[in-house]
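Please read the structure below before turning to the comments.
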Amino acid sequence: MTFKQFLTRSMIITVFGLLLIVLFTSYVNEFALIGDAAGLKREPVSRDWERWAKYLYTYNYIPANFEGVIWGPSLADNLDPALFENLKVYNASINGGNFTELRIMAESIVAHNRKVKFFIICLDPYLTKDSGRKTSYLSRKDYWSALGSVDLYRYYYDKIVNQYRGTRNYYNEYGHYDFNRYKDKQDVEQAIAAALTKSRKWGTDQFKVTEQAKKDLKAIIDLAHANEIKVFAYYYPRPYEIYDQKREFYEEMHQDLDPLFDSSDYVWDFNTPEYEFFTREHSNYCDHCHLSRPGAVWMVREIEKQIAGRV
């Protein structure tokens, strides 16, 4: 066999192999990118893949199946939309996310939208303290890598391992992340006390609102307005002691963020005296900021109560 023949055969085999891979991934349709996604159920295999999977869902899965979307960081990620009684909502929150990353996902949903008619936005200093993508994910190249790439093979590997071990997924088809499974045994009182000291890495001294974060949040709001998508937003309920320590900051945060919304939007604050019964009760939290199971259930019910009749 000549070198030219060897090269030709190698190229044919390679192309044929790639074609088989694309056909297989299209058939499996792991991220519901192909065809009609209505009625399908998809969920990320783990926290490590949350950004990648949820971003890919913005192309077809979310627009085809949900009328509302929750945007937030991990503080909102354990809200289970399956608990909504009269609304079909997807939780597109991402661990460690900021408004830059949420903006990218919102733009993708709107570009492919069919059913989404309202956004529910979590407002908290964690989302405003920085900006920019935190990983290489959340870009158009993710779409093509989902058809065949090292990332895709690693994703399948993790999925097979999880199934082999009999480990139940941390996610459901509504985007809910059940991180309380490994947080339930934490000492909440100790966590809150630690968060009130400046020695804690993620303590209250980290609170701030960057200009880019404001621009990204404004872009999400304007995008919704331009596409007749209603906007609901709530200030996340920090434990009362933490909120009280930074009360002046929160007042400034309102001055920074409130003007970004207009009269057609509905915005409320879970840190007002009306909700002190919740923020003073430490059993509603699983650490210094994240909600416990009962706290998260109450939050879903209250959000639905707040937006009922306004959707």
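The values are calculated or read from the model by the stated rules, or taken from the named source; none is laboratory data. Quick caveat, the model's predicted, so the values are computed rather than measured. We place every Cβ from the backbone using ideal geometry, glycine too, and count neighbours over all the protein chains shown.
Within region 106-135, residues that are in contact (Cβ under 8 Å) with a residue 60 or more places away in the chain and aliphatic (A, V, I, L, M) have Cβ atoms under 7 Å from residues that are surrounded by fewer than 18 Cβ atoms within 10 Å (Cβ to Cβ) and in a helix (DSSP H, G or I) in no pair, counting only partners at least 6 apart in sequence or on another chain. In this structure, is Ala219 crowded, with 17+ Cβ neighbours inside 10 Å, modelled with pLDDT of 90 or more and either on the phi > 0 side of the Ramachandran plot or of a type in the set (Gly, Ala, Ser) (or both)? Taking the combined requirement at face value, the residue satisfies it. Please tell me if Ile242 is under 28 Å from His112 (Cβ atoms), part of a helix (DSSP H, G or I), among the β-branched types (Val, Ile, Thr) and in the same structural domain as Lys214 (by TED's automatic domain parsing). Criteria not met by Ile242. For region 125-159, a tally of residues being more than 20 Å from Tyr57 (Cα to Cα) and either exposed (fewer than 12 other Cβ atoms within 10 Å of the Cβ) or at pLDDT below 90 (or both) returns 1.
Does region 33-90 hold any residues that are part of a loop (DSSP other than H, G, I, E, B), polar (S, T, N, Q) and closer than 26 Å to Ala213 by Cβ, and which are they? Step through it out loud before you land on a result.
Going residue by residue through region 33-90, those that are part of a loop (DSSP other than H, G, I, E, B) are 33-46, 58-60, 66-67, 72-73, 78-80, 84-88.
Still in the list and also polar (S, T, N, Q): 46, 58, 60, 78, 86.
Residues satisfying the conditions are Thr58, Asn78.
Out of Leu152, Leu138, one residue alone is assigned to a loop (DSSP other than H, G, I, E, B) and either more than 30 Å from Phe270 (Cβ to Cβ) or of a type in the set (A, V, I, L, M) (or both). It is Leu138.
Would you check if there is a residue in region 289-304 being in contact with a helix residue (DSSP H, G or I) (Cβ under 9 Å, 6 or more places away or on another chain), basic (Lys, Arg), touching a residue at least 60 places away in the same chain (Cβ under 8 Å) and surrounded by fewer than 19 Cβ atoms within 10 Å (Cβ to Cβ)?
Initial filter on region 289-304 (in contact with a helix residue (DSSP H, G or I) (Cβ under 9 Å, 6 or more places away or on another chain)): 289-302, 304.
When the remaining residues are screened for being basic (Lys, Arg), the result is 293, 301.
The next check asks that each one be touching a residue at least 60 places away in the same chain (Cβ under 8 Å); those that pass are 293, 301.
Those still in the list that are surrounded by fewer than 19 Cβ atoms within 10 Å (Cβ to Cβ) too: 293, 301.
Yes, that holds for at least one residue.
Say whether the condition of being over 24 Å from Ala191 (Cα atoms) and among the acidic types (Asp, Glu) is met by at least one residue in region 295-311. Yes, some residue in region 295-311 is over 24 Å from Ala191 (Cα atoms) and among the acidic types (Asp, Glu).
Within region 287-311, track down each residue that is outside any helix (DSSP H, G or I) and either under 19 Å from the mean Cα position of the chain (by Cα) or within 17 Å of Asp124 (Cα to Cα) (or both). Passing the criteria: Asp287, His288, Cys289, His290, Leu291, Ser292.
Scan region 26-68 for residues that are of a type in the set (S, T, N, Q), surrounded by 15 or more Cβ atoms within 10 Å (Cβ to Cβ) and farther than 23 Å from Val300 by Cα and the total you get is 2.
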